[in-house]
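Undergrad: Dropping the structure in here first, questions after.
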Amino acid sequence: MASYDVIIIGGGPGGYVCAIRCAQLGLKTACVEGRETLGGTCLNVGCIPSKALLHASHQLHEAEHNFEKMGLSAGKVKVDWKQMLAYKDDVIGQNTKGIEFLFKKNKVDWLKGWGSIPEAGKVKVGDEIHEAKAIVIASGSEPSPVPGADVTVDEKVVVTSTGALALPKVPKRMVVIGAGVIGLEMGSVYARLGAEVEVIEFLDAITPGMDSEVQKTFQRILSKQGLKFTMGAAVQKVETKGGKATVTYKLRKDDSEHTTEADVVLCATGRRPYTDGLGLEGVGVELTERGQVKTDDHWQTTAKGIYAIGDAIEGPMLAHKAEDEGMAVAEVIAGKHGHVNYGVIPGVIYTAPEVASVGKTEDQLKKDGVAYKVGKFSFMGNGRAKAVFQGEGFVKLLADKETDRVLGCHIIGPGAGDLIHEICVGMEFGASAEDIALTCHAHPTFSEAVREAALACGDGAIHA
Ligand code: FAD
């Protein structure tokens, strides 16, 4: 038995970041991880592998659609799917090994195996029981089943995102159930690789919760890229036979039943917290109705000395949200002040173009009765975007009508996932749209579009 100041259960972005920060703050720290490699969903079967495939397939798109325009000809680019998967696996390996290195560097013990909490202050891993003054649950999430439908995932024909990241071949036809971030990113990958992709979505708009103008533009652009959308449709069942699937759905507008065939069906209707086998009930850790671990403002659960962070608790299921909570709870455990500003957590979709948002949407501001102004700028007016064939999309900045304080920003366009951070920093500092408008932005960069949107909140954009 070993004794620790902190034991973290789960080595994903929430858990590993928490472990490193705890060690940096002088706490004797261990992290329990049951997978063969560290990094959790994010590094193994989430953010990183999906971005590798998005990158590779985007290069193919560039070669097929834009190379010739720039005077580059190399004949038809062929897809070596096995090699693409090997590249993705190599990227995963480099990243997961990197966390192992950081654990060693920071003297965090990796307790290999599945952990549980047999009693307060104790963590069991395999046959060993370890003592801990504080325990952090960072056990993450798992794919949710398709609600109200008869669907059995076999990770061959009917897959979750995990299966979709390692298909034996590029399917001819793919049906994606759910037009959320994961469904659209993976749908984009396979559409670019030549699959016919149909996205079936229950709601009438893609990417729920996002700015409605961005939703419409995004759906239009993806449709132009070849994704087919069947909206307002409730999937009833998926049947498989001879390596093929038949998806049955009902259109909500008239209750009519339809079927569609696919070689692969990707279930992407969301994720749910994963807390199996932790023994939470026995130590008084309560869950919400949605299965999330209940926490207070300091990430303490209903059991003293046991904390929880990341996908296992309430809030957006995002790696950076988990990381921020990991750092903050480490500070709390070390007797300092940990803080996460949940009002400034960016969300990014890594398609081409990228989509990014932070803060309030217009719909939310209207609902809250906040008087606001909108500064919008199209990437068509951005020289750099046009030079790289990415003039589609816009930056929309929302600012308080009276004070000019930035309340939110929604971007669809090149580099959106990086551009949004200028606004995040601005919002953290309570910036006004004018502060951004008066900041010199290098030319020619995509970021000039952000400045122009800020100018549009005042006397007007220059290149509009
Ligand atoms: P996880 O990363 O899920 O890690 C939890 C870890 O705990 C797992 O490794 C698990 O094995 C381990 N564990 C669980 N129980 C135990 C136990 N009892 N004992 C030992 N170990 C245990 N987010 C983004 O921000 N950006 C993206 O681009 C993005 N892309 C994504 C793409 C896909 C396909 C998917 C599926 C997710 C994506 N996400 C993305 C979401 C992101 O992966 C999660 O929000 C993030 O990983 C949550 O971190 P976490 O530490 O809370 O949990």
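The values are calculated or read from the model by the stated rules, or taken from the named source; none is laboratory data. Keep in mind that what you see is a predicted model, and the values were worked out from it rather than measured. For neighbour counting, all protein chains shown are included, and Cβ atoms are generated from backbone atoms with ideal geometry for every residue, glycine included. The area values use the complete protein model at the heavy-atom level, side chains included, leaving out ligands, DNA and RNA. Shrake-Rupley method; radii C 1.70, N 1.55, O 1.52, S 1.80 Å.
Undergrad: Given the structure, is residue 332 surrounded by 13 or more Cβ atoms within 10 Å (Cβ to Cβ), part of a helix (DSSP H, G or I), at negative phi and of a type in the set (A, V, I, L, M)?
TA: On the way: surrounded by 13 or more Cβ atoms within 10 Å (Cβ to Cβ): yes; part of a helix (DSSP H, G or I): yes; at negative phi: yes; of a type in the set (A, V, I, L, M): yes.
It is true that residue 332 is surrounded by 13 or more Cβ atoms within 10 Å (Cβ to Cβ), part of a helix (DSSP H, G or I), at negative phi and of a type in the set (A, V, I, L, M).
Results for (1) farther than 19 Å from residue 151 by Cα; (2) within 16 Å of the ligand (Cβ to nearest atom), shown as yes or no for each residue.
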position: 181; (1), (2): yes, yes
position: 192; (1), (2): yes, no
position: 234; (1), (2): no, no
position: 239; (1), (2): no, no
position: 255; (1), (2): yes, no
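Undergrad: With the requirement that a residue be in contact with a helix residue (DSSP H, G or I) (Cβ under 7 Å, 6 or more places away or on another chain) and either assigned to a loop (DSSP other than H, G, I, E, B) or within 12 Å of residue 399 (Cα to Cα) (or both), what does segment 356-373 give you?
TA: 359, 372
Undergrad: OK, next. Report whether or not residue 142 is in contact (Cβ under 8 Å) with a residue 12 or more places away in the chain, near the ligand (Cβ under 9 Å from one of its atoms) and either part of a strand (DSSP E or B) or not assigned by TED's automatic domain parsing to the domain that holds residue 264 (or both). Write out each step before concluding.
TA: On the way: in contact (Cβ under 8 Å) with a residue 12 or more places away in the chain: yes; near the ligand (Cβ under 9 Å from one of its atoms): yes; either part of a strand (DSSP E or B) or not assigned by TED's automatic domain parsing to the domain that holds residue 264 (or both): yes.
Considered against the rule, which asks whether it is in contact (Cβ under 8 Å) with a residue 12 or more places away in the chain, near the ligand (Cβ under 9 Å from one of its atoms) and either part of a strand (DSSP E or B) or not assigned by TED's automatic domain parsing to the domain that holds residue 264 (or both), residue 142 comes out as yes.
Undergrad: Are there any pairs, at least 6 apart or on different chains, whose C-beta atoms fall under 6 Å, with the first in segment 61-72 and in the same structural domain as residue 388 (by TED's automatic domain parsing) and the second surrounded by 12 or more Cβ atoms within 10 Å (Cβ to Cβ) and of a type outside the set (Val, Ile, Thr), and if so, which?
TA: Close Cβ pairs satisfying both conditions: none exist.
Undergrad: Within segment 382-422, can you find the residues that are under 25 Å from the mean Cα position of the chain (by Cα) and in a helix (DSSP H, G or I)?
TA: Filtering segment 382-422 for residues under 25 Å from the mean Cα position of the chain (by Cα) gives 385, 390-398, 406-422.
Of everything in segment 382-422, those that are under 25 Å from the mean Cα position of the chain (by Cα) and in a helix (DSSP H, G or I) turn out to be 385, 416, 417, 418, 419, 420, 421, 422.
Undergrad: Those residues that are aliphatic (A, V, I, L, M), within 12 Å of the ligand (Cβ to nearest atom) and in contact with a Phe, Trp or Tyr (Cβ under 8 Å, 6 or more places away or on another chain), I need them from segment 43-83; list them, please. Can you show your working first?
TA: Step one: filter segment 43-83 for residues aliphatic (A, V, I, L, M), giving 43, 45, 48, 52-54, 56, 60, 63, 70, 72, 74, 77, 79.
Right, trim to within 12 Å of the ligand (Cβ to nearest atom) and you get 43, 45, 48, 52-54.
52, 54 - these are the residues of segment 43-83 that are aliphatic (A, V, I, L, M), within 12 Å of the ligand (Cβ to nearest atom) and in contact with a Phe, Trp or Tyr (Cβ under 8 Å, 6 or more places away or on another chain).
Undergrad: Something else about it: Would you point out which residue out of 253, 237 is in contact (Cβ under 8 Å) with a residue 40 or more places away in the chain, in the same structural domain as residue 216 (by TED's automatic domain parsing) and of a type in the set (Lys, Arg)? Spell out the reasoning first.
TA: On the way: 253 fails: in contact (Cβ under 8 Å) with a residue 40 or more places away in the chain.
Step by step, each of 253, 237 is checked, and only 237 is in contact (Cβ under 8 Å) with a residue 40 or more places away in the chain, in the same structural domain as residue 216 (by TED's automatic domain parsing) and of a type in the set (Lys, Arg).
Undergrad: Search segment 186-218 for residues being part of a loop (DSSP other than H, G, I, E, B) and of a type in the set (A, V, I, L, M), and hand back the single one that is surrounded by the most Cβ atoms within 10 Å (Cβ to Cβ).
TA: To start, the set of residues in segment 186-218 that are part of a loop (DSSP other than H, G, I, E, B) comprises 193-195, 201-211.
Next, from what is left, pick out any that are of a type in the set (A, V, I, L, M): 193, 195, 203, 205-206, 210.
Working: 193: 21, 195: 21, 203: 15, 205: 16, 206: 24, 210: 21.
That would be 206.
Undergrad: Between 295, 288, which is open to solvent by 20 Å² or more (accessible area, probe 1.4 Å), without any contact (Cβ under 8 Å) to a residue 60 or more places away in the chain, within 14 Å of the ligand (Cβ to nearest atom) and farther than 24 Å from residue 429 by Cβ? Even if it seems obvious, please write down each step before you answer.
TA: Values: 288 fails: within 14 Å of the ligand (Cβ to nearest atom).
None of the others qualify; the one that does is 295.
Undergrad: Looking at (1) part of a helix (DSSP H, G or I); (2) within 14 Å of the ligand (Cβ to nearest atom), which is the only condition residue 135 fails?
TA: Just one mismatch for residue 135, condition (1).
Undergrad: Here's a follow-up. Within segment 257-281, track down each residue that is more than 10 Å from the ligand (Cβ to nearest atom), among the β-branched types (Val, Ile, Thr) and open to solvent by 20 Å² or more (accessible area, probe 1.4 Å).
TA: 259, 269
Undergrad: With the requirement that a residue be within 11 Å of the ligand (Cβ to nearest atom), assigned to a loop (DSSP other than H, G, I, E, B) and crowded, with 19+ Cβ neighbours inside 10 Å, what does segment 337-350 give you?
TA: Result: 346, 350.
Undergrad: Moving on. What single numbered condition from (1) open to solvent by 30 Å² or more (accessible area, probe 1.4 Å); (2) away from the ligand (no atom under 16 Å from the Cβ); (3) more than 23 Å from residue 312 (Cβ to Cβ); (4) not hydroxyl-bearing (Ser, Thr, Tyr) fails to hold for residue 5?
TA: (3)
Undergrad: I need the full set of residues from segment 391-406 which are of a type outside the set (Val, Ile, Thr) and open to solvent by 50 Å² or more (accessible area, probe 1.4 Å), in order please.
TA: Start the filter on segment 391-406 by keeping residues that are of a type outside the set (Val, Ile, Thr), which leaves 391-394, 396-402, 404-405.
392, 401, 402, 405 - these are the residues of segment 391-406 that are of a type outside the set (Val, Ile, Thr) and open to solvent by 50 Å² or more (accessible area, probe 1.4 Å).
Undergrad: Something else about it: Does residue 179 count as assigned to a helix (DSSP H, G or I), touching a strand residue (DSSP E or B) at 6+ places or on another chain (Cβ under 6 Å) and modelled with pLDDT of 95 or more? Working first, answer last.
TA: Values: assigned to a helix (DSSP H, G or I): no; touching a strand residue (DSSP E or B) at 6+ places or on another chain (Cβ under 6 Å): yes; modelled with pLDDT of 95 or more: yes.
No: the conditions fail for residue 179.
Undergrad: To continue, here is another question. Let me spell it out: the conditions are (1) over 18 Å from the mean Cα position of the chain (by Cα); (2) closer than 30 Å to residue 378 by Cβ; (3) open to solvent by 40 Å² or more (accessible area, probe 1.4 Å), and residue 221 meets all of them except one. Which number is the exception?
TA: So residue 221 meets the others, but not (3).
Undergrad: Consider segment 298-324. How many of its residues are surrounded by fewer than 18 Cβ atoms within 10 Å (Cβ to Cβ), under 24 Å from the mean Cα position of the chain (by Cα) and assigned to a loop (DSSP other than H, G, I, E, B)?
TA: Going through segment 298-324 one residue at a time, the tally reaches 4.
Undergrad: Separate question: When you scan segment 20-33, do you find a residue that is modelled with pLDDT of 95 or more, within 16 Å of the ligand (Cβ to nearest atom) and either within 19 Å of residue 142 (Cα to Cα) or assigned to a loop (DSSP other than H, G, I, E, B) (or both), even just one?
TA: Step one: of segment 20-33, the residues modelled with pLDDT of 95 or more are 20-33.
Going one step further and asking which of them are within 16 Å of the ligand (Cβ to nearest atom), we end up with 20-22, 29-33.
This time we only want the ones that are either within 19 Å of residue 142 (Cα to Cα) or assigned to a loop (DSSP other than H, G, I, E, B) (or both), so: 32-33.
Checking segment 20-33: at least one residue is modelled with pLDDT of 95 or more, within 16 Å of the ligand (Cβ to nearest atom) and either within 19 Å of residue 142 (Cα to Cα) or assigned to a loop (DSSP other than H, G, I, E, B) (or both).
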